[in-house]
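This report concerns only the one structure given below.
Read-outs: derived from the displayed coordinates by stated rules, not from any lab. On a predicted model such as this, the values are computed, not experimentally measured, just so you know. Because the Cβ atoms are built from the backbone with ideal geometry, glycine has one as well, and the counts that use them run over all protein chains shown.
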């Protein structure tokens, strides 16, 4: 199966997304994954943030505080309700970050 509309893919959970993208004709150098094990298909790089510098975090935090970057919040939970937060995260359907507060 070939496709002309999907040109890139990122995998944040399992390699199923990468395999589907390869079947659709997406080139390996246009894909990325955060899953290191099992090893991704040949030619697909991993992106774990291991090369990030403290200055990178400062740049991101400045962009957030200056409203140039918005971090979507899916839900906020008191630390007393951490099990609900964990369940939401585990179902992998949250669209944004899950915040725990004290």
Those residues of the range 55-85 which are under 30 Å from residue 18 (Cα atoms) and loosely packed, with under 10 Cβ neighbours inside 10 Å amount to 70, 72
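For the chain, which fully contained helices (runs of 4 or more DSSP H) count at least 1 residues that are touching a strand residue (DSSP E or B) at 6+ places or on another chain (Cβ under 6 Å)? Step through it out loud before you land on a result.
Details: elements: 16-23, 54-65, 82-90.
Helices (runs of 4 or more DSSP H) meeting the threshold: 16-23, 82-90.
Residues checked against (1) closer than 22 Å to residue 92 by Cβ; (2) without any contact (Cβ under 8 Å) to a residue 24 or more places away in the chain:
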{"residue": "6", "(1), (2)": "yes, yes"}
{"residue": "14", "(1), (2)": "yes, yes"}
{"residue": "19", "(1), (2)": "yes, yes"}
{"residue": "27", "(1), (2)": "no, yes"}
{"residue": "40", "(1), (2)": "yes, no"}
{"residue": "43", "(1), (2)": "no, yes"}
{"residue": "49", "(1), (2)": "yes, yes"}
{"residue": "55", "(1), (2)": "no, yes"}
{"residue": "66", "(1), (2)": "no, yes"}
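Look at residue 31 and say whether it is within 16 Å of the chain's Cα centre (by Cα) and surrounded by 14 or more Cβ atoms within 10 Å (Cβ to Cβ).
Yes.
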